[in-house]
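**Q** Questions regarding the structure given below will be posed in turn.
The values are calculated or read from the model by the stated rules, or taken from the named source; none is laboratory data. Here the structure is a predicted model, which is why all the values come from computation and not from measurement. Positions of Cβ are backbone-derived with ideal geometry, glycine not excepted, and every protein chain shown enters the neighbour counts.
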Amino acid sequence: MEEPFRISTAPENPAHTVPIEEPVVDDNNGKQKHNAPHLSLWELFVLFLGFGINAWGGAVAQIALIQDALVKERKWITPETFKRVYAVYQILPGPEAAELCCYFGYLSRGRVGALVAGIAFILPGFLAMLLFSYIYVVFGLSNKYFLASFKALQPIVAAMVLRAVHKIGEETMVNHETGILDRKILAFAVLAGLNTAVNINFFISLAVFGLATAAFGSTSKYGKVTGYGILLLAYAAGITYIAIKGLPSISALGLGVARTPDIGHLSALGLVAGAFSFGGAYTSIPFVVQEAVVIGGWISQKVFLDGVALANVLPAPTVIFSTFVGFWGGYVGYGSNVGYGFAGAIVTTIGMFVPCFSFTIIGHNFFDSLVHRKSISSFLDGVSGSVVGIIAVTAVQLFHSSIVSAVSPLPGAKIDIQTASVNAVSSLMLYFLTLAVLYSFKDKTTNAVVVVVGAIAGQFLYLDNGGF
């Protein structure tokens, strides 16, 4: 999971300014200014394509790359303006690196520039994932060496998700003004996790805890009363429902937007996941798992984890796993048709990135003013905290799935109890070793190195013990 990004605030003053149609606010002096040159669309595309080709190491490395080139070297905006702009995209859903590319493209060539810059940035990773998805589906599923490596990646990715819970929690549960743990957000994260465990719909939890946080953060004298009232009514309604009809089925957790993997539903899946990716790529995982794995049933937990593993070794935002999910969905949804696999990958990826592109194309200044309103920022804090609890439950489920995968043979094959036990121990070892590495090393290449080493380890751990 990507580290929280720290922004350099060393003063660097631009030499000149160029007004734009919808200018950015410079926090130093309140003037509306920037220094972005009026590049041709081709020049803009090539510039951000270069960022995409070099986008290794997750969000931290990607954002540092963009900041170094456009803020420190080319001085398109001041570090103070960059800090404010980045703060906006931290609050909004979507991969921040892609959003920043759209923002800088907008400074140079307006809304068309935002679209060109954003597409150029994600294009290398998208094409790479498209290629890997094709290889996985067409060649990998019948290759024992391929399968042995991916069996090792199951517990590794599960450990990455658990580490992400901690990292995202550190960011979302610390009060932005005081710098101390916000116990209210922590409590809502725990409650959201418990709600998820008993199959309460994700979006009910997000709405209730978002509204309650906004009410508690209100300056109105009735704010606390309103907050407690929202919680009381929500839980009274939930308890009444359970008393009458019993616990909801697991399918009640999601919206059911991808019950079948046709082109329309795959597009909707990407859109829903992209709209709720608060705090990083891993926050979209529970929504995709619920819609595609649990409700739809057209992709297994194992195959999904393989896609997330691939996303961690590519030069792209980690949400590029949506391309893999879309390819698989199109492929299986249309009778093992590779052409529809490519179509599914394209529409799912578009859906995933539409929200983050829209924030800049609609207007950065509008969202800047919106998220700095106390009520809106408090609501989003509650939503982000709730997502942490939801991911925590998903992390446990993925861990369980990785162990089940380790002890399960391929269809038609057999595996004895002793071999299954050895495989289970191997997966547990990989899981805890991965956690140890992720907590010990902060380098931008850590995730990619862990995935590559894990794939190699799979050849020794599972090739002769996997029921192949």
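**Q** Residues Phe276, Phe304, Phe287: which one is closer than 21 Å to Ser405 by Cα and in contact with a helix residue (DSSP H, G or I) (Cβ under 9 Å, 6 or more places away or on another chain)?
**A** Phe304
**Q** Could you check, for the stretch 227-249, whether at least one of its residues is surrounded by fewer than 24 Cβ atoms within 10 Å (Cβ to Cβ) and in contact with an Asp or Glu (Cβ under 6 Å, 6 or more places away or on another chain)?
**A** No; the residues of the stretch 227-249 include none that is surrounded by fewer than 24 Cβ atoms within 10 Å (Cβ to Cβ) and in contact with an Asp or Glu (Cβ under 6 Å, 6 or more places away or on another chain).
**Q** Only residues that are under 19 Å from Leu211 (Cβ atoms), free of Cβ contacts under 8 Å to residues at least 12 places away in the same chain and of a type in the set (A, V, I, L, M): list them for the stretch 228-246, please.
**A** Leu232, Leu233, Ala236, Ala237, Ile239
**Q** Quick check on this structure: which one of Gly307, Gly274 is farther than 29 Å from Leu147 by Cβ, part of a helix (DSSP H, G or I) and touching a residue at least 40 places away in the same chain (Cβ under 8 Å)?
**A** Gly274
**Q** Considering only residues that are surrounded by fewer than 17 Cβ atoms within 10 Å (Cβ to Cβ) and either modelled with pLDDT of 90 or more or more than 24 Å from Pro315 (Cβ to Cβ) (or both), which ones fall in the stretch 44-67?
**A** Those that are surrounded by fewer than 17 Cβ atoms within 10 Å (Cβ to Cβ) and either modelled with pLDDT of 90 or more or more than 24 Å from Pro315 (Cβ to Cβ) (or both): Val46, Gly50, Ile53.
**Q** Test of understanding: among Val71, Val116, Val137, Val112, which residue is in a helix (DSSP H, G or I), among the aliphatic types (A, V, I, L, M), modelled with pLDDT of 90 or more and in contact with a Lys or Arg (Cβ under 9 Å, 6 or more places away or on another chain)?
**A** Exactly one of Val71, Val116, Val137, Val112 is in a helix (DSSP H, G or I), among the aliphatic types (A, V, I, L, M), modelled with pLDDT of 90 or more and in contact with a Lys or Arg (Cβ under 9 Å, 6 or more places away or on another chain), namely Val116.
**Q** Against the conditions (1) out of contact with any Asp or Glu (no Cβ under 7 Å at 6 or more places or on another chain); (2) among the hydrophobic types (A, V, I, L, M, F, W, C); (3) surrounded by 19 or more Cβ atoms within 10 Å (Cβ to Cβ); (4) at pLDDT 80 or above, where does Leu41 fall short? Just the number, please.
**A** (3)
**Q** Out of (1) out of contact with any strand residue (DSSP E or B) (no Cβ under 8 Å at 6 or more places or on another chain); (2) free of Cβ contacts under 8 Å to residues at least 60 places away in the same chain, what's the single condition that is false for Leu181?
**A** It fails just one condition, (1).
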